[in-house]
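Notes follow the structure.
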Amino acid sequence: MRKLAVITGGTKGIGRALVFLFARNDFDVVVCARNSDDLAALKDEVEDALDVDIYTKATDVSKKEEIDALIQFIKAKGRKVDVLINNAGVFIPGQVHSEEEGMLEKMIDTNLYSAYRLTRGLIDGMVKSKSGHIFNMCSTASFMPYVNGGSYCISKYALLGMSKVLREEMKEHNVRVTSVMPGATYTASWEGADIPEERFMKAEDVAEAIWQAYVLSKRTVLEELVLRPQLGDL
């Protein structure tokens, strides 16, 4: 039986690149995103090209009840999750002292609580089998604050903290945990920016780095993966 990966926010950018990469390496993939039409198009595109199964569920990861429904959807497959990639996230620029009310809650719900809840819902199978790999999509903003990062930086700092403590907890269970911290990557969130595309990293490069971390010997874990554009941060 093929292995199973779960990838949140999988219809665009890094998430989409990850879906194709894991599928090309003979993984079945559970993918969630908010837009059901985008999910259907992705499913058709991957399954038309590759002999794998893509399972999709429209999910707003910022809502606990929808994460709970996603967990039940995955468990109903009756299969162990081999790889969980908590990729979904949102970036809204602003400053702590002046950003719109509710921005912290929105980004904490999306960037932190979604990963926390989904991990808790799926990790038991990894613990029981003493195998599995969890990737949390943090950011260079997880350790490098910047003006106009506001609540985004707060949420990503918290996600890195969660990832670090989860790594410690999972050592004895042989479950690997990797914090992924990409810098500026050319995705939909940068559309319309007056910056040449060549100045950004490619989403496919970030996906490939994650894959290379996964295929390391089970005796080794890449705890933190930092990637930046060759010319540095924007």
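What the Cβ-Cβ distance of residue 199 and residue 128 gives, at R0 = 45 Å and to the nearest 0.05, is a FRET efficiency of 0.50. Taking every alpha-carbon pair under 8 Å whose residues sit at least 6 apart, the range 1-116 reaches a relative contact order of 28 percent. Applying the Karplus relation 6.51 cos²θ - 1.76 cosθ + 1.60 with θ = phi - 60° to the range 78-85 yields 3J(HN,Hα) values of x, 10, 6, 8, 8, 9, 10, 10 Hz, where x marks Gly and Pro.
Accessible area per residue for the range 93-234 is 53 Å², calculated with a 1.4 Å probe on protein heavy atoms, without ligands, DNA or RNA.
Taking the longest Cα principal axis of the chain as reference, the axis of helix 203-214 is set at about 50 degrees.
In the chain, helices alone account for a calculated mean residue ellipticity at 222 nm of -12500 deg cm²/dmol, with every DSSP H run of four or more residues adding -39,500 (n - 2.57). Name the GluC sites (Glu not before Pro) in the range 182-234 that are in a loop by DSSP and that have at most 16 other C-beta atoms within 10 Å, would you? In loop regions of the range 182-234 (DSSP not H, G, I, E or B), the sparsely surrounded GluC sites (Glu not before Pro) are 191, 223. For the chain, what is the relative contact order in percent, using Cα pairs closer than 8 Å and at least 6 residues apart in sequence? Relative contact order comes out at 19 percent. Averaged over residues, the count of other Cβ atoms within 10 Å places the peptides 55-65, 128-138 in the sequence 128-138, 55-65, highest first.
So what's the gap between the Cα centers of the range 1-60 and the range 85-140, to the nearest angstrom? Centre-to-centre (Cα) distance: 19 Å.
Rg/Rh, computed from the Cα trace of the range 37-166 with Rh as the Kirkwood radius, has the value 1.02. Could you work out how far helix 150-170 tilts from the main Cα principal axis of the chain, as a 0 to 90 degree angle to the nearest 10? So the inclination is approximately 30 degrees. Principal-axis analysis of the Cα atoms of the chain puts helix 64-75 at an angle of about 30° to the longest axis. Please go through the residue pairs 75/171; 64/218; 43/80; 64/128; 57/202; 156/202 and name each one whose alpha carbons sit more than 28 Å apart in this structure. Exceeds cut-off: 64/218.
Solvent-accessible area of the chain (1.4 angstrom probe, protein heavy atoms only): carbon and sulfur portion equals 49 percent.
Rounded to the nearest Hz, the phi-derived 3J(HN,Hα) couplings of the range 46-60 under the Karplus curve 6.51 cos²θ - 1.76 cosθ + 1.60 (θ = phi - 60°) are 6, 5, 5, 9, 9, 8, 9, 10, 10, 9, 10, 8, 5, 8, 8, where x marks glycine and proline. For the range 219-234, the Karplus equation 6.51 cos²θ - 1.76 cosθ + 1.60, evaluated at θ = phi - 60°, returns couplings of 7, 10, 10, 8, 6, 9, 10, 10, 10, 9, x, 3, 7, x, 5, 8 Hz by residue, with Gly and Pro reported as x. Bridgeable aspartates and glutamates around residue 77 (alpha carbons under 20 Å apart, same-chain partners fewer than 8 residues away excluded): 26, 28, 44, 47, 51, 53, 65, 66, 68, 124.
The values are calculated or read from the model by the stated rules, or taken from the named source; none is laboratory data. Source: prediction; values computed, not measured. When we count neighbours, we look across all protein chains shown, and the Cβ atoms used for this are built from the backbone with ideal geometry, even at glycine. Side chains included, ligands, DNA and RNA excluded: accessible areas come from the protein's heavy atoms. Shrake-Rupley method; radii C 1.70, N 1.55, O 1.52, S 1.80 Å.
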